[in-house]
């Protein structure tokens, strides 16, 4: 560290004496990155505030000293939205993990930004309630990060995105002003809803420091069904048939190849003997015998129509968990193969055509690549994973994947889809933003950024480059 | 009309030849106002575009000629958000009422801004689906207006606000730029969600010209329960007891006085003989025998605890409709008494205290005023109606109500509530915005307005005054 940096950090400590400041190389490595590995972390220092007031003091310091700030939650991001690669000061929320002000009649609870997703889920369960946003990184992701990326996950089809569970927000804008947004109200039509502007902004307008979250009643008697599908288009036929008669809590999808990796990984048995090119996993609340009968009648109907080749329904909770593993363990089982990940979406009805077009393009140009498809097909969200051939060099693989990206995003754009369904834009998807948002739209995004962060000190270079 | 105006209108006709222009005094009266009667309509003219391109041409014309524009939907607004009192050009959406692009697998449909709420509800029903946003003015309110005010209504507790049903929007900004927002995707995390900025903006950022709306499966076997409550706080006890075990589709509330007006209005019988100070109306889907049994067991429990004095459950659809009339006909039955309306909200748990404080203040200072309480208590939204004493002059009555307003909003602010839960701010609530949004927040609202409408031509003077 040079003298100027060292002096700056001394003044930072003096400006926010109650916050913790870290400068050890290990800490800089740890707090300077997320789950992406594309950028080398190089933060100035790490600061851990304990409350909203300290966050405000940090932002004021940053404005006065023209220091760029990067927010850091559980660092489980997949788009490098929380990576400090350019000497930024990292503001980490680990010391702000308080849960308070639970109200049983409002079914709300106040969380500081550093509350871990699982901590909130557990708190809800302890009150006989349920926080329904769930995904693989629930054990380490923090609420502030979830909200800044509007995290989705495996229950979106029934419960929506993180956005849908926010009753109120406390934020510190890039100008250093504290705003209390929406006052935790269910109904409040008094001008532009700034809450929804901060949710999904990837920390580029300011910091979310506290959130009042809504909880709901826990689901009852969840049943899991895994179906082997004859053809890709049958995913939609089956979805539509079930949705007309049941409220699904999940509708997931994976290819035979994807399941193959999970089975090879061990410990998870195949759902049935029949081989199918694609599989769907359905979950619903079996609140009565009648619901189970409806589900079974629909199954018969889908088999008769030739959409479904075989299927299995969970007989108990253990089996339900085993069936979920077929879907949930895919990422883990392919991790050793250095997968190149894309997180794309289209409107649900376009999924089959969209998927086959991308599949065809990638297979044609890269016959040596193994492609693994899975995703939240009930909401049009597909995870495209390209596995590195064992013999191929990592650099060559990623550079060839970048070429693939261009084609994939061309197809995304042609189908009016999104280049980032739930992972956000950060730095890795920044070059592709224009495939989903028009240049005119992006000019408005920039102007809004300017309103909240005129000095450009809050997470600069994420979402779009500074002008 | 003077020569300058007449010349301006000629040039407008030339600039947008495909749109219809109205200048007759009757039309100016009709299109220049909403359901409020506080401001005298005085529009320059009325223009009725047929598509988004024509709306863009109108905005361009307005920017070039510095003409203020006022959007006009079904004109059922209750906050004068769509009133043209200052020589504005009214842009009315009556000719843009096309419904298209229905997708069964996506459960979405595209609507032009002028589609009537009931038209969309009927369209959904024809497809075996359901559009759940519903309120008294569904027969004449237009979708563009619903979205611009984020309309709520009687099913919010289960289905949310209008905001929650928007898959995508086409808007023309105040700068005359067309934006396609969100591409109808379920999942799309690619930067600030401008869709949510336009929803509830009361047409001050630009015009919503088209919206892709989500539909859902229709509710099954709806049952209605009307309960007589011993005390105000019991509204919350009962709500909590039921919500723990059932998904309610509605939880409404009205006072004995409110019901008295409906009964006197004729045609609707009392729900039971027992008199109670307050009543709650609950609705839920009785999807199985077990659900009905749960509902009945909860009723017994509420009676035993002394919360509920008496109750009735609908035996068939006709009776369910009759029970709903007890709540739905309140507005109509008090209309002849020139009610002064307030639409306020707090978090649900504060409702009893909040309500008694306001009730006490109004009763103390205005013992000659009759106060009628009703509302969507399940989401903290209360309608406070003060009835004009028969002998009191209208002007005196409204001026005294304005004094009441100040006290009411002081109490709203103290409880962290909203001065407009679902009606919006428009002109009538504009002086009170600061009771719900801080001055700092309002400065950001103004800055955002500046981004989308730098010349201040789009619905000026609504929400806040031009600077």
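Can you give the calculated 222 nm mean residue ellipticity of chain B, where each DSSP H run of n ≥ 4 adds -39,500 (n - 2.57) and the sum is split over every residue, rounded to the nearest 500 deg cm²/dmol?
Estimated from H runs of four or more residues: -10500 deg cm²/dmol.
Compare the peptides B:140-152, A:206-218 by average per-residue count of other Cβ atoms within 10 angstrom and give them in order, highest first.
By packing density, highest mean first, the sequence is B:140-152, A:206-218.
If you average 1/r over every pair of different alpha-carbon atoms in the range B:44-125 and take one over that average, what Kirkwood value in Å do you get?
14.2
Which distances, in nm and shortest first, link the residue B:337 label point to the same label point in every other copy, taking 7 Å along Cα→Cβ?
Reported distances to equivalent positions: 7.2 nm.
With label points built 7 Å along Cα→Cβ from the Cα atoms of residue A:288 and residue A:21, find their separation and express it in nm.
Placing both labels 7 Å along Cα→Cβ, they lie 6.5 nm apart.
Shortest first and in nm with one decimal, please list how far the residue A:450 label point sits from its counterparts in the other copies (point 7 Å along Cα→Cβ).
Those label-point separations list as 1.0 nm.
Enter the mean number of other protein chain beta carbons within 10 Å of the beta carbon of each residue in A:343-355, as an integer.
Working: counts 2, 1, 7, 7, 11, 8, 6, 3, 1, 1, 0, 0, 0.
Averaged over the peptide's residues, the number is 4.
Once the convex hull of the alpha carbons of chain A is built, what does its volume come to per residue, in cubic angstrom?
So the per-residue hull volume is 157 Å³.
What Kirkwood Rh does the range B:310-444 have if only Cα atoms enter the pairwise 1/r average? Answer in Å.
16.3
How are the alpha carbon pair distances in the range B:234-324 distributed across 10 Å bins from zero to the largest one, expressed in percent?
The percentages, shortest bin first, are 14, 50, 31, 5.
Roughly what % antiparallel, to the nearest 5, for the DSSP beta bridges in the protein assembly as shown?
Taking every DSSP beta bridge within the protein assembly as shown, about 90 percent pair in antiparallel fashion.
Work out the FRET efficiency for residue A:2 and residue A:443 from their Cβ-Cβ distance, taking R0 = 60 Å, and round it to the nearest 0.05.
Numbers: r = 38 Å, r/R0 = 0.63.
Efficiency, from the Cβ-Cβ distance: 0.95.
Pulled fully out, how much extra length does the chain show between residue B:245 and residue B:86, if you take 0.36 nm times their separation in residues and subtract their Cα-Cα distance?
The residue B:245-residue B:86 span can extend by a further 51.9 nm.
Averaged across B:192-202, how many Cβ atoms of other chains sit within 10 Å of each residue's Cβ atom?
So the per-residue partner count for this stretch is 6.
Project the alpha carbons of the range B:420-467 onto their principal axes and report the range along each, largest first, in whole Å.
Dimensions of the range B:420-467 along the principal axes of its Cα atoms: 28, 21, 17 Å.
Taking the label point 7 Å from Cα in the Cβ direction, how far apart in nm is residue A:266 from each other copy of itself, listed shortest first?
So the distances to the same position in the other copies read 8.3 nm.
When the scattering of the range B:3-92 is computed by the Debye formula from its Cα atoms alone, each counted once and equally, what is log10 I(q)/I(0) at q = 0.13 Å⁻¹?
For the range B:3-92 at q = 0.13 Å⁻¹, log10 I(q)/I(0) is -0.38.
If the chain between residue B:104 and residue B:233 were fully stretched, how many nm would it gain, using 0.36 nm times the residue separation less the Cα-Cα distance? Write out the running numbers ahead of the final one.
On the way: separation 129, 0.36 × 129 = 46.44 nm, distance 4.42 nm.
That pair, residue B:104 and residue B:233, stretches by 42.0 nm at full extension.
Equivalent ellipsoid semi-axes for the range B:182-240, as square roots of 5 times the alpha carbon gyration tensor eigenvalues: give them largest first, rounded to whole Å. Don't skip to the end; give the middle numbers.
Details: eigenvalues 289, 69, 36 Å².
Sorted largest first and rounded, they come to 38, 19, 13 Å.
Using a 10 Å cut-off on Cβ to Cβ distances, tally the other chain neighbours for every residue of A:438-450 and report the average as a whole number.
5
Modelled label-to-label distance, residue B:127 and residue B:406, 7 Å Cα→beta-carbon offset: nm?
Here the answer is 5.2 nm between the modelled labels.
With N residues in the range B:66-203, what two-decimal value do you get for its Cα radius of gyration over 2.2 N^0.38 Å?
On the way: Rg = 15.0 Å, N = 138, 2.2 N^0.38 = 14.3 Å.
So the range B:66-203 has a normalised radius of gyration of 1.05.
Quick one: what does P(r) look like for the protein assembly as shown with 20 Å bins over all Cα pairs, in whole %?
14, 44, 35, 7, 0
Under a plain spin-label model, where a point goes 7 Å from the Cα along Cα-to-Cβ, how far apart in nm are residue A:395 and residue A:220?
6.1
Just want to confirm a number: the relative contact order over the range B:99-214, from Cα pairs under 8 angstrom separated by 6+ residues, in percent.
Computed over the range B:99-214, the figure is 29 percent.
No value in this document is a laboratory result; all are computed from the given coordinates. Since the model is a prediction, treat every value here as computed from it, not as a measurement. Virtual Cβ from ideal backbone geometry, glycine too; neighbours counted across all protein chains shown.
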